[in-house]
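Here is the structure we will look at.
The values are calculated or read from the model by the stated rules, or taken from the named source; none is laboratory data. All values derive from a computational prediction rather than experimental measurement. Heads up, the Cβs are rebuilt from the backbone with ideal geometry, glycines too, and the neighbour counts pull from every protein chain shown.
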Amino acid sequence: MPHMRTPGLDLRRKILLVALLPTALLVAAFLVVFAVQRSRIAGRVEASMGRLAEEGLSRAAHDLQTLCESAHRELWLQVPRSLRVARDQMERLGPLSFSSETVRWSAVNQLDRSAAEVVLPKLLLGGEWAGQNADPARPSLLVDRVRELVGAEATLFQRMNERGDMLRVATTVPDEKGARAIGTYIPAVDPDGGANPVVSTVLRGETYRGRARVIDRWYLSGYEPIRDASGRIAGMLFIGLRQDSLEGIRAGVAASRIGQTGAIHVLGASGNQRGKYLIPPPGHADGEDAWEARDARGEEYVQRVLRAAKEAEGGTVRLSYALRDGAGAPRERVAAVTYFAPWDWVIVAEMDRSEAVAALREVQSSLAASAVTVVGVGLLLLLASIWAARKAASRLAAPLEAMALAAERIAEGDVQQEVTYRSGDEVGRLAEAFRGTIRYIQEVARGAAAVARGDLSTPLVLRSDRDELTRSFQSAQSELRRLVEDAGALSQAAVEGRLTVRADPSRHQGDFRKVVEGVNATLSSLVGHLDAMPAPAMIVGTEFDIRYMNQTGASLLGRTQQELIGTKCYDSFRTGDCRTGRCAGGRAMAEGREVSSETEAHPEGLDLEIFYSAVPLRDGDGRVVGALEVVTDQTALRRGAAEDGGGRSEGPECRPCLVR
């Protein structure tokens, strides 16, 4: 038949136009939008990177603050416990008293280092002098034992005068030279004229708990008054935990890094540790004084950091300053700082601002590479569209030939056919309808093959209300699933020893129902044999809960079989092995083998001597899920042997049944 041309665009040109025009317009529009948005994205990314960097620093500082709070709470709870141990150890030594002998002390005020010579009676615990031991290598009364028990520093104070100055007479606290800091004292009045909070609290007969300076270190401490026989406060007992001895926190902070240039460090906020590195940043030493350190602009930036942190009152504040690197070049640093008041710590997390800018440059490079990629992909799409459109136009008849060949093969029984042609015209509609027919036949064939393999999980979906073939397959699948479920449930129950479980035959029809009834009958027959045994037999779980008890055992215990299900075996038999390592059932489950044992039993008020054996029960994976135990009464045998003078019989005499 000759080819008839029609006015306007022919099918070939329509295919080319429809395929190429949308692709070209999409690529062009995308490139225009991409170019306009690129500059906006760069600015937003720069701001976002800076904000993310600052938020990361704030999180790092806050995380360390949270860690310190947790450690502080733990130490704070440890102080009263340690004080109780110290008081107990002191009471064990004996009552506090003072000797008629005196001893001279060179007492040094720990606050202003002023010295005074004092003569005091010897302080005795249980009649033993506390001594004047400054050598850490020699044991000291009471305090060394307390430190050994609780890991905290301990000190025994003696009251020096009526004012209440407290002298260390025995201590584990070291002085600047490493010796025991005996001979130092806490004045009742501080150098500024105010009452010392520790001494004033103790003199009121109360226990002081809080942060206290001991020699030259800060401790979380407790001071408890000590009274003499007359009830007068004669001294005090100290327990202290150094707040700077948390090696885990120090090591974690020292090893932490924020990005490539960031780090965390800790400064002292006030007192003699003001401006000193308590946990130094890289390149600085522990204890280094940075109070007067200046940044690249000549400003004392550490002082500014400390002021800002304390003004934030536990919150996090963000700062920036320029520091010089090893080559002397200034580097802009951004920091997040916070103040942890209980330890007087200022936590600083900082990093180079240039690190965020470096991320921005990477983003810009990625945007440029993306633009090149988009142009390349767009050109490839255009070329591919041209090639596909020309090929489709020249082979318009190919779909019809392919569908005819597929229909012939399906008629021969080969359902694995595929029609790939797609379009919006009549040929495309025909191809889509043909694909639907093939999918329907393939789906039913796959379902039938899956059922033949024992796979019931293949979904079958009704195509319409008149789809009788799929509906029949769905019914067969449902019936088989119910049969498999019931068989699996019965198998699992039998493995676990729950022999009274049965399937419901009414859920099934026809021969499927007969199969379920046969399995139920088989289980009932098995249980009947077990119930007919003359000896008690039971199945217990790994928690010694009774899952099955035969009729003989139930009769012995005076209860029905159903009443015993779920109860503990040791509550019924009450044997000497129960709840011990000798229990044969427990050993069989633990060791995975048959175990036997002899013991006495007291069920329902009886006094029996029994021999019983247990074998482990395993599930399909080999895991032990319980044990089967069989009990034999040996009471008559044992008592008969005892009446015969303890002689042994030629073999065991086992009573086959335990009944009341």
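Here are the numbers for this structure:
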{"read-out": "In segment 143-167, residue nearest to the chain's Cα centre (by Cα) [restricted to those that are basic (K, R) and over 16 Å from D112 (Cβ atoms)]", "value": "R147"}
{"read-out": "So G497, is it surrounded by 17 or more Cβ atoms within 10 Å (Cβ to Cβ), on the phi > 0 side of the Ramachandran plot and either at pLDDT below 90 or assigned to a helix (DSSP H, G or I) (or both)", "value": "yes"}
{"read-out": "Qualifying helices (runs of 4 or more DSSP H) (wholly inside segment 567-660; at least 1 residues being over 52 Å from the mean Cα position of the chain (by Cα) and at pLDDT below 90)", "value": "635-643"}
{"read-out": "Restricting segment 456-493 to residues that are in a loop (DSSP other than H, G, I, E, B) and modelled with pLDDT under 75, the residue that is nearest to R435 (Cα to Cα)", "value": "R463"}
{"read-out": "Search result, residues across segment 114-132 that are in contact (Cβ under 8 Å) with a residue 12 or more places away in the chain and part of a strand (DSSP E or B)", "value": "E117, V118, V119, L120, P121, K122, L123, L124, L125, E128, W129"}
{"read-out": "Residues of segment 194-211 that turn out to be surrounded by 15 or more Cβ atoms within 10 Å (Cβ to Cβ), out of contact with any strand residue (DSSP E or B) (no Cβ under 8 Å at 6 or more places or on another chain) and not polar (S, T, N, Q), as a count", "value": "0"}
{"read-out": "Scan of segment 522-541 for residues that are out of contact with any Gly (no Cβ under 9 Å at 6 or more places or on another chain) and under 15 Å from A493 (Cα atoms), ordered by number", "value": "T522, L523, S524, L526, V527"}
{"read-out": "Residues of segment 212-230 satisfying the condition of being of a type in the set (S, T, Y) and out of contact with any strand residue (DSSP E or B) (no Cβ under 7 Å at 6 or more places or on another chain)", "value": "S230"}
{"read-out": "Filter result for V540 (touching a Cys at 6+ places or on another chain (Cβ under 8 Å), closer than 25 Å to S524 by Cβ and buried (at least 20 other Cβ atoms within 10 Å of the Cβ))", "value": "yes"}
{"read-out": "Filter result (assigned to a helix (DSSP H, G or I) and loosely packed, with under 13 Cβ neighbours inside 10 Å) within segment 419-438", "value": "E426, R429, A433, G436"}
{"read-out": "Residue in segment 98-109 that is within 50 Å of the chain's Cα centre (by Cα) and crowded, with 19+ Cβ neighbours inside 10 Å present", "value": "no"}
{"read-out": "In segment 140-193, the residues that are of a type in the set (G, A, S) and either assigned to a loop (DSSP other than H, G, I, E, B) or more than 18 Å from I215 (Cβ to Cβ) (or both)", "value": "S140, G151, A152, G164, G178, A179, A181, G183, A188, G193"}
{"read-out": "Criterion violated by I215 - all others in (1) modelled with pLDDT of 90 or more; (2) more than 40 Å from the chain's Cα centre (by Cα); (3) under 22 Å from L123 (Cβ atoms) satisfied", "value": "(1)"}
{"read-out": "Every residue from segment 550-566 that is in contact (Cβ under 8 Å) with a residue 60 or more places away in the chain and assigned to a loop (DSSP other than H, G, I, E, B)", "value": "G558, I565"}
{"read-out": "Filter pass, A349 being crowded, with 19+ Cβ neighbours inside 10 Å and either touching a strand residue (DSSP E or B) at 6+ places or on another chain (Cβ under 8 Å) or not in a strand (DSSP E or B) (or both)", "value": "yes"}
{"read-out": "Residue check for E176: of a type in the set (D, E, K, R) and within 52 Å of the chain's Cα centre (by Cα)", "value": "yes"}
